[in-house]
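Step one of this worksheet: look at the structure below.
The values are calculated or read from the model by the stated rules, or taken from the named source; none is laboratory data. This is a predicted model, so every value here is computed, not measured. Cβ sites come from the backbone with ideal geometry, for glycine too, and all protein chains shown count toward neighbours.
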Amino acid sequence: MKRYFIFTLGCVDNQMDSALYKKYLDLNGWINVDDYSTADLILINTCGFLASKMKETEDTIKKTKEKISKNSKLVICGCYPALNPKRLSEFFEGDFFTPLTKYKIKDVIGSDMSIYDINDINTIHPIYKDCNYLCSIKERFLDGLKCFYSPDFIGYTSDLCYIRTGVGCMGECSYCGIKKARGKIKSKPLDNILFEFKDKLNRGEKRFVLSGLDIGAYGRDIGLDVLTLLDKILSVEGDYKICIRNFEPMMLNEMMSGLLSLIRTRKIISITIPFQSGSDKVLKLMKRNYDIEMLKFNLNRVRVANPAMILLTHVLVGFPGEDDNDFKKTLEFLECVLFDSIQLNVYTPHHATEAAYMSNQVSETIKLTRANILKKKIYVNMLKSYMKRASYQFKGIVSAKSTLE
């Protein structure tokens, strides 16, 4: 029997893709192994979000090439080859495919089966931790706080049930090349999503993650919207909770009125809203079209609608043109909206994006200084959020106890 190993770098979408590749290889009679040095086939599912992620990808490929057997086949997939085919050819001569050409996996193993004959896999393939050399001990500690300080949310782990709502995005962010790799928004049919959800619920799943690069834009290409999707899901009877990934602030502001009634059901326990910067000036340069004050107002409305809601976000520090006042506005925004988990990214120029060629690039020294300030702020904010949540939950317990007495 032939053996395979999959390295996964990057986001949840990559992890879901890797789970799909694993299922495909299993169905074709391949055996998954824990040690890549013993594998006949090694897939490296790569990330191309920022230059730092591309560096991680390149180092992983080079390191793996040095350690595998001459008889092993190394194949590169994911966003990196879609964004950097010329660069890849400088140090790698083997097969590769991208999120939009994943059908080529059949040629890699000589199969007649199409990967599109397999339904989405409702789990994720874990990140290969040894490759995350860019992640400092402190960052891993902060990542761990997602679990510790959010009792209802255990992080994006493989024991949750993932439902992909679609692929691609509607955004045109000036710093991100992922749309070039994954394409425009392509929503999964509503009936398909509902079937997956009901099927997994009937099989005993209780915690679901609605996954996608741009969930707030769901349905825009098929005459629907995300409110319709959420309303249909939440109308299903049962004991379950929903986590929502990547709800863009522009869409949140636009749909706030309809979203609030769904949030009040308490079935939605977490939402990721990547605000990136607290400065309208920087957001304009990023081509992220929303008003930061309106977002602040709406996120506080979410807190009022459901004080137990877990809010997650992404912050990008050191974007071209970001000055001290812009950075101060990001800190102030974080003070006004206490997020439960914050993913911090330091901007690095990506050659396939507009931002890489902007003037006023921020120096590495300033970027790292600001990142260190943010790390401390994140730690304090997450503690504050936990204490506030604990206080709310304690009052709820006392209230329930008083009612019973």
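Things worth noting here:
- Residue match in region 101-119 (condition: part of a loop (DSSP other than H, G, I, E, B), in contact (Cβ under 8 Å) with a residue 12 or more places away in the chain, under 20 Å from the mean Cα position of the chain (by Cα) and assigned by TED's automatic domain parsing to the domain that holds T46): no
- Breaking point among (1) out of contact with any strand residue (DSSP E or B) (no Cβ under 9 Å at 6 or more places or on another chain); (2) part of a loop (DSSP other than H, G, I, E, B), for N122: (1)
- Within region 293-314, the only residue that satisfies the criterion of being within 25 Å of H350 (Cβ to Cβ) and out of contact with any Pro (no Cβ under 8 Å at 6 or more places or on another chain) is L312.
- Taken as a whole, region 363-376 holds at least one residue that is touching a residue at least 40 places away in the same chain (Cβ under 8 Å), within 26 Å of R389 (Cα to Cα), in contact with a helix residue (DSSP H, G or I) (Cβ under 7 Å, 6 or more places away or on another chain) and not assigned by TED's automatic domain parsing to the domain that holds K53.
- Test: residue in region 69-91 that is modelled with pLDDT of 95 or more, of a type in the set (V, I, T) and in contact with a strand residue (DSSP E or B) (Cβ under 6 Å, 6 or more places away or on another chain): yes
- If the condition is being in contact (Cβ under 8 Å) with a residue 60 or more places away in the chain, assigned to a helix (DSSP H, G or I) and of a type in the set (A, V, I, L, M, F, W, C), then region 171-208 contributes I178, A181.
- The condition of being in contact with a Cys (Cβ under 8 Å, 6 or more places away or on another chain) and in the same structural domain as S111 (by TED's automatic domain parsing) holds for only one of E56, E93, that being E56.
- Condition met for F339 (under 20 Å from the mean Cα position of the chain (by Cα), at negative phi and either surrounded by fewer than 17 Cβ atoms within 10 Å (Cβ to Cβ) or not β-branched (V, I, T) (or both)): yes
- The lone criterion from (1) modelled with pLDDT of 90 or more; (2) under 17 Å from the mean Cα position of the chain (by Cα); (3) in a loop (DSSP other than H, G, I, E, B) left unmet by G48 is number (1).
- In region 284-313, residue surrounded by the most Cβ atoms within 10 Å (Cβ to Cβ) [restricted to those that are closer than 24 Å to A355 by Cα and not charged (D, E, K, R)]: M286
- Check on D17, within 21 Å of V167 (Cβ to Cβ) and part of a helix (DSSP H, G or I): yes
- Hits in region 373-388 (condition: closer than 9 Å to L338 by Cβ and aliphatic (A, V, I, L, M)): M382
- Restricting the first member to region 292-312 and to residues that are closer than 17 Å to R266 by Cβ and in the same structural domain as R245 (by TED's automatic domain parsing), and the second to residues that are buried (at least 19 other Cβ atoms within 10 Å of the Cβ) and among the charged types (D, E, K, R), the beta-carbon pairs closer than 8 Å and six or more apart or on different chains are P307/R389; A308/R389; I310/D340; L311/D340.
- Region 89-100, subset closer than 17 Å to A181 by Cα and touching a residue at least 24 places away in the same chain (Cβ under 8 Å), residue surrounded by the fewest Cβ atoms within 10 Å (Cβ to Cβ): L100
- Considering region 206-244, the residues that are more than 18 Å from S261 (Cα to Cα) and of a type in the set (F, W, Y) include one that is surrounded by the most Cβ atoms within 10 Å (Cβ to Cβ), namely Y218.
- Residue in region 314-329 that is farthest from K388 (Cα to Cα), counting only those that are of a type in the set (D, E) and crowded, with 16+ Cβ neighbours inside 10 Å: E322
- Residue among D199, D107, D120, D152 that alone is more than 30 Å from S385 (Cα to Cα), at pLDDT below 90 and among the charged types (D, E, K, R): D120
- For region 53-97, the tally of residues that are under 24 Å from the mean Cα position of the chain (by Cα), closer than 22 Å to H125 by Cα and assigned to a helix (DSSP H, G or I) stands at 13.
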